[in-house]
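Below you'll find the structure, written out as C-alpha cells, and then a few comments.
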Amino acid sequence: MNRIIILTAFASVSAVFALIAVGHMSAQSANESKPATNEAKPAEEKKPAEEKPAIEEPKDFEALMKSVGKNKLIIKKAVSSKDAATAKDAAEKIRYYASKAIEKDPKKERREAKDYKEWNAAMEKEAAALRDLAGAKTPDWEKISKQFETVTGTCDSCHDKYEEKDEDNKKPAGGGGKKKK
Ligand code: HEC
C-alpha cells in the first residue's frame with residue numbers, strides 16, 4: 001500500500017517536471033525563432049524611388065559653358081530622333097546652368113552688364129519653356145524645334161558680343177553656331 005502511494009506520488013512529480021520541461025522548451029524555441037524573423041525585416045528596407053540624376057555643379061564658368069554646349073548638342077539630336085525625355089532632361093540642365101552662370105562668371109564687367117544679364121535670363125527662361133514643351137504628354141515637335149531655335153538664339157546673341165575670341169578669331173563660337181565676322 002505504501003509502495004503504491006510512493007509510486008503514484010513519484011509518477012505525479014515526474015509528470016509535473018516533464019510538463020515544466022516541455023513548457024520551458026517550447027517557450028525557448030518560440031523565443032529563438034523570433035529574433036530570426038526580426039532580423040529578416042530590416043534587410044528588405046526599401047530604397048527611395050530614384051529621382052532624375054542630380055545635375056553636376058560646374059567647377060567654373062568655362063566648364064559651365066562647355067556643359068551648356070554639350071546639352072545643346074544633346075537636344076539637337078533628341079529633337080531629330082524625337083526623344084522627348086532626353087530633350088527635356090538636357091533643357092532642364094541648360095536652365096540650371098543658366099541659373100548659375102552669372103555667379104560663376106569671373107568677369108565683373110560681364111556680370112554687371114545689363115544686356116549680358118538679360119541674355120542670361122532669356123537663356124534660363126527659354127530653356128525652361130523648352131523643357132516644359134518636351135515634357136508634355138503629347139510632345140509637339142514643331143513647337144519643340146521652334147523653341148530650341150529660340151534657346152540657341154540667346155546663345156548667339158550673347159556670344160556675338162561677349163565671347164572672347166583669340167587674335168585670329170579662330171576660337172569656335174561656343175557652340176552657339178555663329179562665328180564672328
Ligand atoms: C549671357 C551670355 C551667354 C549666353 C546666353 C550663353 N553663353 Fe556661352 N559663353 C558666354 C561667354 C562670355 C563665353 C566665353 C567664356 C570665356 O571665354 O571665358 C561663352 C562660351 C561658351 C562656350 C565655350 C566654352 C569653352 O571655353 O570651351 C560654349 C560651348 C558655349 N558658350 C555654349 C553656349 C550655349 C550652347 C548657349 C545657349 C544655350 C550659351 N553658351 C549661352 C556667354 C554666354
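Every read-out reported here was derived from the displayed coordinates using simple, explicitly stated rules and does not represent laboratory data. Computed from a predicted structure; not experimentally measured. Cβ placement follows ideal geometry from the backbone for every residue including glycine, while neighbour counts extend to all protein chains displayed.
Once C-alpha pairs closer than 8 Å and six or more residues apart are averaged by separation and normalised to the residue number of region 61-162, the relative contact order reads 29 percent. In this simple spin-label model, placing a label point 7 Å from the Cα along the Cα-to-Cβ direction at both Lys125 and Lys82 gives a separation of 3.2 nm. Peptide packing: for 63-69, 128-134, the average count of neighbouring Cβ atoms within 10 Å per residue gives the ranking 128-134, 63-69, highest mean first. Among the GluC sites (Glu not before Pro) within region 52-93, those in coil by DSSP and having at most 15 neighbouring Cβ atoms inside 10 Å are Glu56. Phi angles across region 76-93 convert, under the Karplus curve 6.51 cos²θ - 1.76 cosθ + 1.60 with θ = phi - 60°, into 3J(HN,Hα) values of 4, 5, 4, 5, 6, 9, 6, 9, 5, 4, 5, 4, 4, 4, 5, 5, 4, 5 Hz, Gly and Pro given as x. In this rough spin-label picture, where each label sits 7 Å from Cα along the Cβ direction, the Trp141-Lys108 distance is 5.0 nm.
Cβ-Cβ distance of Glu62 and Asp132, R₀ of 41 Å, FRET efficiency by 1/(1 + (r/R0)^6): the value works out to about 0.90.
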